[in-house]
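**Q** Could you have a look at this structure, given as structure tokens, before my questions?
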Amino acid sequence: MNKIKWPVNLPLHIMILPCVLLVFVYQYIPMFGVVIAFQKFVPARGFFHSSWIGWDNFRYVFNMPGIWQVIYNTVYIAVLKIVAMMIVPIGISLLLNEVRRASFKRGVQTLIYLPHFMSWIILGGILIDILSPTRGIVNQALGFIGLDPIFFLGDNNWFRFTLVVSDLWKEFGYSTIVYLAALTAIDPTLYEAATIDGASRWKQTWHVTLPGMLPVIVLLGTLSLGNVLNAGFDQVFNLYSPSVYASGDILDTLIYRVGLENAQYGVATAIGLFKSAVALFLISGSYFLAYRYANYRIF
């Protein structure tokens, strides 16, 4: 009697099966809900009995007052965050790379990593307290040097700046991990050769360190293009108010208000589907650029 020959990788396939089922149940099956974008959806009637209205929800969305301002806010805030999250972690990783005392370096890394593991609910409460125009420590410091208090979370001129800086504070430490890992891959003999040639630490950084990091910088920069429409719902939702809708309202917060607060499910789904379609185009383009300029492949 012939024995059944099981595939060599069968144990690995069985091990990953629960993860595949979770993704299928929670990611793929809900995709059927995009049909709501083309319906006048009534929860009591369900998908199959709600009225089909075609593109009316999309026409309504693009005729909503302020929709283009919301799109502009989303792109503007996201681009500022992407640029800041490229520049600051690179600079910090270069500075940490120059630290020779291991205990001090580990201590600094721990301090700058810590905010990443805190939720925006906690950080939002902290920021509301320290940025308060009356009792916040920041405005008290401004008053001490003779400056007027600033309503960081209630002034349209300051709200975007506050979003970018607070997001940078939370995430830049964790982002330095990738760049520090890229620094370890640089051949030490290049620094030895540069030292023999008389290069200073600054010239070694400019001609050896940065070129060695360039493939990783290009890769992360191109892949980040897919996040142009993700301005950070958790952060904005916990910090914004109606007084800063003009500068801080983004697509995700608009979807929340339209869909969950106003129960306009078809309109909210139409906005979400529009965002997903644009994100698909941006992600596809970013992966092409990553393959073209950074030799990045997905197998």
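**Q** Of all residues in region 143-193 being assigned to a loop (DSSP other than H, G, I, E, B) and of a type in the set (D, E, K, R), which is surrounded by the most Cβ atoms within 10 Å (Cβ to Cβ)? Give the steps one after another, and end with the answer.
**A** Step one: of region 143-193, the residues assigned to a loop (DSSP other than H, G, I, E, B) are 145-155, 185-187.
Within this subset, residues satisfying the condition of being of a type in the set (D, E, K, R) are 148, 155, 187.
Working: Asp148: 8, Asp155: 15, Asp187: 10.
Per the stated criteria, the residue is Asp155.
**Q** Related question: Only one of these is surrounded by 14 or more Cβ atoms within 10 Å (Cβ to Cβ) and closer than 19 Å to Asp56 by Cα: Leu289, Leu229, Leu254, Leu223. Name it. Please lay out each step first, then the result.
**A** Numbers: Leu289 fails: closer than 19 Å to Asp56 by Cα; Leu229 fails: closer than 19 Å to Asp56 by Cα; Leu223 fails: closer than 19 Å to Asp56 by Cα.
Only one candidate passes the filter, namely Leu254.
**Q** Name the single residue, out of those in region 108-124 being exposed (fewer than 11 other Cβ atoms within 10 Å of the Cβ) and free of Cβ contacts under 8 Å to residues at least 60 places away in the same chain, that is nearest to the chain's Cα centre (by Cα).
**A** Looking at residues that are exposed (fewer than 11 other Cβ atoms within 10 Å of the Cβ) and free of Cβ contacts under 8 Å to residues at least 60 places away in the same chain, I get Phe117.
**Q** Sort out which residues of region 80-104 are touching a helix residue (DSSP H, G or I) at 6+ places or on another chain (Cβ under 6 Å), within 16 Å of Ala181 (Cα to Cα) and not hydrophobic (A, V, I, L, M, F, W, C), and write them in order of number.
**A** Pro89, Ser93, Asn97 - these are the residues of region 80-104 that are touching a helix residue (DSSP H, G or I) at 6+ places or on another chain (Cβ under 6 Å), within 16 Å of Ala181 (Cα to Cα) and not hydrophobic (A, V, I, L, M, F, W, C).
**Q** Further, regarding this structure: Looking for something touching a residue at least 12 places away in the same chain (Cβ under 8 Å) and either under 30 Å from Leu180 (Cα atoms) or assigned by TED's automatic domain parsing to the domain that holds Val35 (or both) - is there at least one such residue anywhere in region 136-157?
**A** Checking region 136-157: not a single residue is touching a residue at least 12 places away in the same chain (Cβ under 8 Å) and either under 30 Å from Leu180 (Cα atoms) or assigned by TED's automatic domain parsing to the domain that holds Val35 (or both).
**Q** Scan region 125-142 residue by residue and report those that are surrounded by 12 or more Cβ atoms within 10 Å (Cβ to Cβ) and outside any helix (DSSP H, G or I).
**A** Leu131, Ser132, Pro133, Gly136
**Q** A further question follows. Which of (1) in the same structural domain as Met213 (by TED's automatic domain parsing); (2) in contact (Cβ under 8 Å) with a residue 60 or more places away in the chain; (3) of a type outside the set (Val, Ile, Thr) does Phe41 not meet, given it meets every other one?
**A** The failed condition is (1).
**Q** Can I ask one more? With more than 22 Å from Lys170 (Cβ to Cβ) and either in a helix (DSSP H, G or I) or modelled with pLDDT under 90 (or both) as the only criterion, which of Arg100, Arg106 stands out?
**A** Arg100
**Q** I would also like to ask the following. In this structure, is Val70 outside the structural domain of Leu282 (by TED's automatic domain parsing), assigned to a helix (DSSP H, G or I) and under 29 Å from the mean Cα position of the chain (by Cα)?
**A** It is false that Val70 is outside the structural domain of Leu282 (by TED's automatic domain parsing), assigned to a helix (DSSP H, G or I) and under 29 Å from the mean Cα position of the chain (by Cα).
**Q** Could you identify the single residue in Asn97, Asn73, Asn63, Asn57 that is among the polar types (S, T, N, Q), exposed (fewer than 11 other Cβ atoms within 10 Å of the Cβ) and at negative phi?
**A** Asn63
**Q** Looking at Ala194, Ala181, Ala185, which one is assigned by TED's automatic domain parsing to the domain that holds Leu96 and modelled with pLDDT under 85?
**A** Ala185
**Q** For the structure I just gave you, tell me whether Gly91 is of a type outside the set (Val, Ile, Thr), assigned to a helix (DSSP H, G or I) and farther than 28 Å from Ser247 by Cα.
**A** Spelling it out, Gly91 is indeed of a type outside the set (Val, Ile, Thr), assigned to a helix (DSSP H, G or I) and farther than 28 Å from Ser247 by Cα.
**Q** Taking the options Ala199, Ala182, Ala268, Ala194, name whichever one is of a type in the set (A, V, I, L, M, F, W, C) and closer than 30 Å to Lys40 by Cα. Walk me through how you get there before you give the answer.
**A** Working: Ala199 fails: closer than 30 Å to Lys40 by Cα; Ala182 fails: closer than 30 Å to Lys40 by Cα; Ala194 fails: closer than 30 Å to Lys40 by Cα.
Within the list Ala199, Ala182, Ala268, Ala194, the selection yields Ala268.
**Q** For region 219-299, give me every one of the helices (runs of 4 or more DSSP H) that falls completely inside it and has 3 or more residues that are farther than 21 Å from Pro30 by Cβ. Lay out the reasoning, then the answer.
**A** On the way: elements: 233-239, 245-248, 251-256, 265-294.
Here the list reads 233-239, 245-248, 265-294.
The values are calculated or read from the model by the stated rules, or taken from the named source; none is laboratory data. Remember, predicted model here, so these are calculated numbers, not experimental data. Reconstructed Cβ throughout: ideal geometry from the backbone, glycine too, with neighbour counts over all protein chains shown.
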